[in-house]
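A short worksheet on the structure shown next.
The values are calculated or read from the model by the stated rules, or taken from the named source; none is laboratory data. A quick note: this is a predicted structure, and the numbers were derived from the prediction, not measured. Glycine also receives a Cβ, built like all others from the backbone with ideal geometry; neighbour counts cover every protein chain displayed. Note: areas computed on protein heavy atoms with side chains; ligands, DNA, RNA excluded. Shrake-Rupley method; radii C 1.70, N 1.55, O 1.52, S 1.80 Å.
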Amino acid sequence: MTGSAIRQDGRSASLTAPSGQAQQGVLSAALTDAERLREELRRSPRYQREWDAARRENALRRDFTVNALLFDPFQGCLYDYVGGLWALRRRQIRSVVPPVASFMEDPARILRAVRFAGRTGFRIEPGTLEGLQDNLHLLQELPKSRLMMEVNALLSHGAAARSFLLLYRL
């Protein structure tokens with residue numbers, strides 16, 4: 001067998017081995033070296049900064065702060081860039097960005113806020129509620145297929161009555 005692997009010093013090395021068990025040993029060594037190099041890269045400050053920026057950007061694109069909580073199961077870390085834990089402790093649905101901008105960007109977020117509040121029993125934070133009420137007219141601009149999808153989601157998971165009551169009160 002012939003192949004290549006990455007050595008500890010980062011340079012590539014040529015692999016030549018007989019077939020059978022010796023071949024498995026060479027492959028295992030190559031994988032171990034590659035895994036070690038990958039782990040070293042993950043620990044580098046540059047890698048950490050890039051991932052932190054990517055996580056932050058991801059969180060800022062979310063609709064509500066509780067949806068912007070990011071969990072890394074490999075590190076056992078919970079990342080909160082937008083106050084999601086604060087809202088979770090207060091049992092609130094709160095917009096990540098200013099509510100008017102959020103609902104203008106995607107009017108379906110209005111129905112999502114109602115659905116989340118209905119399912120979880122959380123309150124919609126006053127500023128988010130005001131932005132939601134001021135932009136209800138934007139729901140008319142949603143394509144019918146998207147509106148139907150969001151209404152179906154409102155009706156599912158056992159919280160339909162509570163969700164529709166919240167919607168009615170708007």
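Quick notes on this one:
- Complete set of residues in the stretch 93-112 that are surrounded by fewer than 21 Cβ atoms within 10 Å (Cβ to Cβ) and part of a strand (DSSP E or B): none
- Top-ranked residue in the stretch 113-128 [being assigned to a helix (DSSP H, G or I), open to solvent by 10 Å² or more (accessible area, probe 1.4 Å) and in contact (Cβ under 8 Å) with a residue 24 or more places away in the chain; ranked as nearest to Leu167 (Cα to Cα)]: Arg115
- Some residue of the stretch 149-164 being of a type in the set (Phe, Trp, Tyr), farther than 22 Å from Arg61 by Cβ and exposed (fewer than 13 other Cβ atoms within 10 Å of the Cβ): no
- For the stretch 78-108, a residue qualifies if it is touching a Phe, Trp or Tyr at 6+ places or on another chain (Cβ under 7 Å) and either modelled with pLDDT under 95 or β-branched (Val, Ile, Thr) (or both), and the qualifying residues are Leu78, Ile93, Val96.
Yes/no matrix, rows are residues, columns are (1) farther than 23 Å from Asn135 by Cα; (2) of a type outside the set (S, T, N, Q):
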| residue | (1), (2) |
| --- | --- |
| Pro45 | yes, yes |
| Glu50 | yes, yes |
| Ala54 | yes, yes |
| Thr65 | no, no |
| Leu70 | yes, yes |
| Gln75 | yes, no |
